[in-house]
Amino acid sequence: MAFGYAMYHNDESPRQAWQRIITSFEKPANPKPKTAPMVAPASTATPVPTVSFAATPTPVPALTFSPAPTPAPVDPIAWLISHKNRWPHEVVLLETTEFPAMLGGKTIGSVEVPLSSKVSVTDITAESVFVQFHGAARSLPHKATNLGELAKAAMESAQHEPPADGNTTQLAESGLDAWTAVDLMTPGINIGNTFDNVVHWETGWGSPIITKGFIQSLARTGFKSVRLPVAWDTFSDKGRITPEEFGRIDEVVNWIIEAGMFCVVNIHWDGGWIDSGVKERYPDTFHTFSPEAEKKFRSYWEQIARHFAGKNEKLLFEALNEETDFENEGSEEKAFATLTRVNQIFIDTVRKTGGNNAQRLLIVIGYSTNFEKTSGPNYHLPKDTVPGKLLVSVHYYAPWTFVGLSSDASWGKMQLTWGTEADLKALNDSFDKMKEFCARTHVPAYIGEFSMCSKKEKTYSDLWTQSVFQAALKRKMVPVLWDIGGAISRREPYAPSEELVSMLRCMEHPSAVSTARQ
């Protein structure tokens, strides 16, 4: 305590205080322990000198202290700029704003974006906020958006958080839940047939090397998330993921996150080592989850999770791809139970690695990624220790006779057209079942793949693609287009196709989807 505050004891006069203080100076530096007082004989006692004061001592002036200066108020936006991990993903326009109209990576005019529209944030400086709207970018003054309000809320929230425990990998935004993430991740796109190929990694199936420019073009086009399928096992070194593998995936993941998008990393088909459909190559794992497959599955997810434990909430993990039939387990009930166990192993393995993985959003797999089987009574979700952090992955390629067949097959006749009332009803019925499942389980759907896989007349193909896309949007699901370079070119200038532009326009103009064809 400061000396000035300790000078006077209660009920002391200035004289008494000074007497006490001066007397204290005469004490030895290291006084002996107190003992019973000893009384010397009167004849030999030496009087103790006393300090004399004037009858009316001059009062000692009290010490005064200037009040502590009031700290200057902190500007919320300045605070936000220095706390990048708290930047908002979107801001709301507070006035009608003109954006360039883009087509094929080129400006073809301008468009007025109305008041209260949401736009994506790509950067914040002391003067401006840089935003995007469906691939068109521009800078705006802070006051043209609700950035100031969001910055103030973020700063106040941080002040009420408990102090950091020294763990620098703790998620700053651990409050991000799966339902909130749906809007932030919509729409999504796959980088397919690239890091998931098993011939020659990345380029084995005809894809050029993925560049930072291509990743940035995805963000400019309007995508909010990128699914990155990976074949980890094919190019591993006896079950250990190599530094070269991790290094290249690191690079692409960083490009995606730096561009303002979410990234989903999974274990893809990878040659069929889990739930294999090729009995000759994997006899022990033919439509089962063998002990060997389980060992590898645990090991790969532990390696992947530990490697990426420091990445923020914009990185998600997806347990598997479509290889989840397990129909050779002995019964349908056992097949479904096996998938539940696989999903549980995935969650438990990732969570125990700590860091940001303790709070990370995770995507578990629906049965065969099928809408009807996943939304049915036999499918059961695994349990998570953290509430609100799961999404469930399903794919939509129905009807395959239209989407996938280029000629008649033994099991079905190729469908040349699509769009009748019956076609649309079948689509909406499937999406409604999945919506009911999501409402019942409180887990949103991640439609990890949908795409035309055969050449059909453009009118019908476009109608199918747009109808699937809009069905997902209406039911608050994340639609993720499967693309291998046809929807948006992987070579400069990274131009999107007309079909992709039409699909994305559905987010702006729901009426753009045509009505049913008779």
Checklist line | Index of the failed condition, Phe336 passing every other in (1) under 22 Å from Tyr396 (Cβ atoms); (2) in contact with a strand residue (DSSP E or B) (Cβ under 8 Å, 6 or more places away or on another chain) | finding: (2)
Check: Out of (1) under 32 Å from the mean Cα position of the chain (by Cα); (2) farther than 19 Å from Val264 by Cβ; (3) not small (Gly, Ala, Ser), the odd one out for Glu421 is which?
Finding: (1)
Next item on the list: Filter the stretch 203-236 down to residues that are of a type outside the set (A, V, I, L, M), within 19 Å of Asp270 (Cβ to Cβ) and not in a loop (DSSP other than H, G, I, E, B), then give me how many there are.
Entry: 1
Notebook entry, point to check: Looking at (1) in a loop (DSSP other than H, G, I, E, B); (2) within 26 Å of the chain's Cα centre (by Cα); (3) not small (Gly, Ala, Ser), which is the one condition that is false for Glu449?
Noted result: (1)
Note to self: When you check Phe371 against the structure, is it more than 30 Å from Tyr460 (Cα to Cα) and of a type in the set (A, V, I, L, M, F, W, C), yes or no?
What the structure shows: no
Item checked: Condition check for Asp196: surrounded by fewer than 22 Cβ atoms within 10 Å (Cβ to Cβ), of a type in the set (Asp, Glu) and at pLDDT 95 or above -> no
Margin query: Quick check on Thr401: is it of a type in the set (Val, Ile, Thr), closer than 29 Å to Cys453 by Cα and free of Cβ contacts under 8 Å to residues at least 40 places away in the same chain?
Written below: yes
Notebook entry, point to check: Given the structure, is Tyr300 more than 25 Å from the chain's Cα centre (by Cα) and of a type in the set (Ser, Thr, Tyr)?
Noted result: no
Check: Could you say whether any residue in the stretch 290-298 is more than 29 Å from Glu372 (Cα to Cα) and of a type in the set (Lys, Arg)?
Finding: yes
Checklist line | Pairs where the first residue, in the stretch 245-260, is closer than 10 Å to Ala219 by Cβ and the second is modelled with pLDDT of 95 or more and surrounded by 20 or more Cβ atoms within 10 Å (Cβ to Cβ), C-beta under 7 Å, 6+ apart | finding: Trp255/Ile215; Ile256/Ile215; Ile256/Val226; Ile256/Cys263; Ala259/Ile215; Ala259/Ala219; Gly260/Ala219
Check: Quick one: is Cys438 assigned by TED's automatic domain parsing to the domain that holds Lys373 and within 24 Å of the chain's Cα centre (by Cα)?
Finding: yes
Item checked: Residue count, the stretch 416-431 (criterion: of a type in the set (S, T, N, Q) and either closer than 19 Å to Ser406 by Cβ or buried (at least 21 other Cβ atoms within 10 Å of the Cβ) (or both)) -> 1
Next item on the list: Return the only residue of Gly239, Gly222, Gly272 being touching a residue at least 24 places away in the same chain (Cβ under 8 Å), buried (at least 18 other Cβ atoms within 10 Å of the Cβ) and on the phi > 0 side of the Ramachandran plot.
Entry: Gly222
Next item on the list: Scan the stretch 407-443 residue by residue and report those that are of a type in the set (A, V, I, L, M, F, W, C) and in a helix (DSSP H, G or I).
Entry: Ala422, Leu424, Ala426, Leu427, Phe431, Met434, Phe437, Cys438, Ala439
Next item on the list: Output the number of residues of the stretch 81-96 satisfying the condition of being within 25 Å of Phe262 (Cβ to Cβ) and at pLDDT 85 or above.
Entry: 3
Notebook entry, point to check: Tell me, which residue of the stretch 354-387 that is under 21 Å from the mean Cα position of the chain (by Cα) and surrounded by fewer than 16 Cβ atoms within 10 Å (Cβ to Cβ) is nearest to Ser331 (Cα to Cα)?
Noted result: Lys383
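I need the full set of residues from the stretch 432-453 which are surrounded by 19 or more Cβ atoms within 10 Å (Cβ to Cβ) and over 19 Å from Leu390 (Cα atoms), in order please.
Once the filter is applied, which keeps residues that are surrounded by 19 or more Cβ atoms within 10 Å (Cβ to Cβ) and over 19 Å from Leu390 (Cα atoms), the stretch 432-453 yields Phe450, Ser451, Met452.
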Next item on the list: Look through Ile256, Ile209 and report the one residue that is in the same structural domain as Met507 (by TED's automatic domain parsing) and buried (at least 18 other Cβ atoms within 10 Å of the Cβ).
Entry: Ile256
Item checked: Residues satisfying the stated conditions in the stretch 275-322, i.e. in a helix (DSSP H, G or I), in contact (Cβ under 8 Å) with a residue 40 or more places away in the chain and of a type outside the set (Ser, Thr, Tyr) -> Glu294, Lys296, Phe297, Arg298, Trp301, Glu302, Gln303, Ile304, Ala305, Arg306, His307
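The values are calculated or read from the model by the stated rules, or taken from the named source; none is laboratory data. Predicted model only: the values in this text are computed from it and were never measured. With ideal geometry, Cβ positions are generated from the backbone for all residues, glycine too; neighbour counts draw on all protein chains shown.
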